[in-house]
Amino acid sequence: MNVRQFALATTAVFAALGLAACSSTTSARTDTAAGGATVTVRIPDGGNSGVLALARKDGSLDKALATVHAKVAWTGTAGAFAPAAQELDANALDFAEGSITSAIAALAQSPGFKLFAAVDPDELGEGILVKKDSGITSISDLVGRKVAVWHGGTSEYLLLKALQQQHIPVDKVKRVYLQPNQIGPVFNSGQVDAWSTWATYSVPAIANSGARFLTTGGQVGSENYAVWAVRNGFAEQHPEVVKALYTYLHDAGLKQQQNPEAYLNVKTTSGPEAVSAAQKAVELPIDKASGTAQPIGGAQLAHFATVARFFADQKITKGVFDVTPHIIDITAAPAEAK
């Protein structure tokens, strides 16, 4: 999740999260590591697809965490990282996944978490969508048009990268700031001409709404790594749990690459959560090409620094934010809990 007023679009959401955090903080984690008691780990529900969805269904994550005296409390639903960062800050959540773009924006505002794993940028599932019949065939065709984006994260980053690549001044394209779950109807009704987004939203839009990629993350040279974040206090108190979760995510990600279809429609094959056959055709190549969780080392930090510089240059953040102090070396031996 010193930031260009990206929080304005989510003021109501954050206020609600703050209230929820105040009421739930004391009850969300009743167990502690003291005396060998079980640690309760709060992680967003993975929904109907993905590594966390299967982890909940088959109990494999609980089994893995049991080796370090921990168990999972599934809370809420995984979504945009900005609200998850607020929950990490408010001690209402222990772990969350997002993008390095959204993590930089959130850390620059309130550094309540650290990053312990990274996944290579999604070159196929992120990008700028347009309608198939829009007549928009190049980035230069966006000049004078409206593009829906989400403040300070993947969405805005991809649009700005595409404009920079084509040497188009950013003020030549109007950014329409909306929450991710609000954009679909606006895009479908023609109120905006394009939509910069990620796979959660691009897959159904392509499969069901006559959308196509004008450009993808891979085509604009995206360095938008996915990252895993842990609440500062949790990382300090339970480093062995962080390492166990990392190991699970790394191994499960490799399995998903080998058999991505097994990670779709985990809970149900019908209803609003279900992935349709048309969506599967779009989703499977993306999942197969996806990376898995890896330690954050020198190569990843160099890319993070480039993203931070880009956001500063584009006035998304005030100055270049240094991510390095907010990184956990997951390969190091766990220190004693504080």
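The values are calculated or read from the model by the stated rules, or taken from the named source; none is laboratory data. Everything numeric in this text was worked out from a predicted model, so none of it was measured. Virtual Cβ from ideal backbone geometry, glycine too; neighbours counted across all protein chains shown. In case anyone asks, the SASA skips ligands and DNA or RNA and just uses the protein heavy atoms, side chains included. Shrake-Rupley method; radii C 1.70, N 1.55, O 1.52, S 1.80 Å.
Odds and ends about this structure:
- Residue check for residue 236: touching a helix residue (DSSP H, G or I) at 6+ places or on another chain (Cβ under 7 Å) and loosely packed, with under 15 Cβ neighbours inside 10 Å: no
- Residue 93 vs. criteria within 21 Å of residue 261 (Cβ to Cβ) and either assigned to a helix (DSSP H, G or I) or over 14 Å from the mean Cα position of the chain (by Cα) (or both): no
- Residue in the stretch 28-38 that is surrounded by 20 or more Cβ atoms within 10 Å (Cβ to Cβ), modelled with pLDDT of 85 or more and more than 30 Å from residue 261 (Cα to Cα) present: no
- Within the stretch 41-93, the residues that satisfy the criterion of being aliphatic (A, V, I, L, M) and within 24 Å of residue 285 (Cα to Cα) are 51, 52, 53, 54, 55, 78, 80.
- Wholly enclosed strands (runs of 3 or more DSSP E) of the stretch 143-251 bearing at least 1 residues over 22 Å from residue 51 (Cα atoms): 146-149, 174-177, 194-197, 211-216
- For the stretch 264-281, a residue qualifies if it is within 19 Å of the chain's Cα centre (by Cα) and open to solvent by less than 40 Å² (accessible area, probe 1.4 Å), and exactly one does: 264.
- Some residue of the stretch 268-278 being more than 19 Å from residue 128 (Cβ to Cβ), in contact with a strand residue (DSSP E or B) (Cβ under 9 Å, 6 or more places away or on another chain) and not in a helix (DSSP H, G or I): no
- Test: residue in the stretch 216-239 that is under 21 Å from the mean Cα position of the chain (by Cα) and farther than 30 Å from residue 329 by Cα: yes
- Of residues in the stretch 63-86 being open to solvent by 50 Å² or more (accessible area, probe 1.4 Å), in contact with an Asp or Glu (Cβ under 9 Å, 6 or more places away or on another chain) and not in a loop (DSSP other than H, G, I, E, B), the one nearest to residue 201 (Cα to Cα): 77
- Among the candidates 102, 134, residue that is open to solvent by less than 60 Å² (accessible area, probe 1.4 Å) and within 18 Å of the chain's Cα centre (by Cα): 102
- If you check 200, 292 for being modelled with pLDDT under 95, within 23 Å of residue 81 (Cα to Cα) and within 16 Å of the chain's Cα centre (by Cα), only one passes: 200.
- Matching residues in the stretch 252-262 - criterion: being open to solvent by 20 Å² or more (accessible area, probe 1.4 Å), in a helix (DSSP H, G or I) and of a type outside the set (A, V, I, L, M): 255, 256, 257, 258, 261
- The residues in the stretch 225-244 that are hydrophobic (A, V, I, L, M, F, W, C), farther than 25 Å from residue 305 by Cβ and in contact with a strand residue (DSSP E or B) (Cβ under 6 Å, 6 or more places away or on another chain) can be counted, and the count is 1.
- Out of 201, 177, sole residue that is in contact with a helix residue (DSSP H, G or I) (Cβ under 9 Å, 6 or more places away or on another chain), of a type in the set (Phe, Trp, Tyr) and more than 17 Å from residue 316 (Cβ to Cβ): 201
- Put simply, of 243, 161 the only residue that is closer than 30 Å to residue 328 by Cβ, surrounded by fewer than 20 Cβ atoms within 10 Å (Cβ to Cβ) and of a type outside the set (A, V, I, L, M, F, W, C) is 243.
- Check on residue 128, of a type in the set (Val, Ile, Thr), assigned to a helix (DSSP H, G or I), at negative phi and crowded, with 22+ Cβ neighbours inside 10 Å: no
- Residue that is surrounded by the most Cβ atoms within 10 Å (Cβ to Cβ) [pool: residues in the stretch 287-316 that are of a type in the set (Ser, Thr, Tyr) and under 21 Å from residue 245 (Cβ atoms)]: 290
- Identity of the residue in the stretch 41-62, of a type in the set (Gly, Ala, Ser) and not in a loop (DSSP other than H, G, I, E, B), that ends up surrounded by the fewest Cβ atoms within 10 Å (Cβ to Cβ): 60
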